[in-house]
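Here is the structure we will look at.
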Amino acid sequence: MTPSRGPDPSRLSRICQPPFAPLLEETEVAGWSSQRDFLAGSFHDWRLLDDGRVLVSVAQVAATLPTDRLTLALAAQAAQTAIRAHALHTEDAGTLLQLTARTLGLGDMDEHVSLAVALVDGVGGEVNLAIAGDCLVWRVRAARWEQLPSDQPPLGAENNFAYAAHEFALSLRERLLLVADNSAHRSARFAASITAQFSRLDAESHRRMTAADALTIVQTRCEQEMAAELQASAPQASASVVAVRRR
């Protein structure tokens, strides 16, 4: 019998890497993840559902006890698979988080999953969004920059937690930004710096800003934070971002 060699890292990469962004007339989607290898515990993802909605998500797996990076990567893969499967028959993002937590059995594990997931109507812009744990979510328009509250525990921190969802509609040219990471990006300083960058832009710059442009603003700030942490010999950081824009 051939001995098992464990999970294939290249297969992990293929599963966690999302396909090309869906091409929709009224909605743009862009995403980025910082991981430099196959064993990062964060991911960004999207999927076009049969009813015309777009599922977008970002996640970061953290361990309550010291563990190896392969364990975090496998947990991230399992979370991504569960989210995709349950989104096929779930209309509420809060319920989607509950089903994902139940599928993963996180109450009996040492991993917690911070996760932001949104179900976006690709035509009308209606959004159903839920946040678990330390994720950052912004709605960005020319006249207003709003950070949505993220006061619900990560998946696995509390058994059978009833996650609530935010419901709203994206205005024309409004952007929705979801960020998950394992470093200092969740700090008030980081959130304030992102808000400040958007607030300095004039109305015309906001009108012209694509989802990819908005993504670049957050990505650049993430990379600056991670470069500083590497210089300080901090543990390897990873981050994932998704930007959605209604045309």
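The values are calculated or read from the model by the stated rules, or taken from the named source; none is laboratory data. Worth saying up front: this structure is predicted, and the values here are computed from it rather than measured. Glycine gets a Cβ as well: all are built from the backbone with ideal geometry, and neighbour counts include every protein chain shown. Accessible surface is based on the protein model in full, side chains and every heavy atom, while ligands, DNA and RNA are left aside. Shrake-Rupley method; radii C 1.70, N 1.55, O 1.52, S 1.80 Å.
Some points to look at:
- Estimated distance in nm for a label pair at Leu70 and Arg144, the labels positioned 7 Å out from Cα along Cα-to-Cβ: 5.0
- Accessible surface of region 93-178 [probe 1.4 Å, protein heavy atoms]: carbon and sulfur percent: 44
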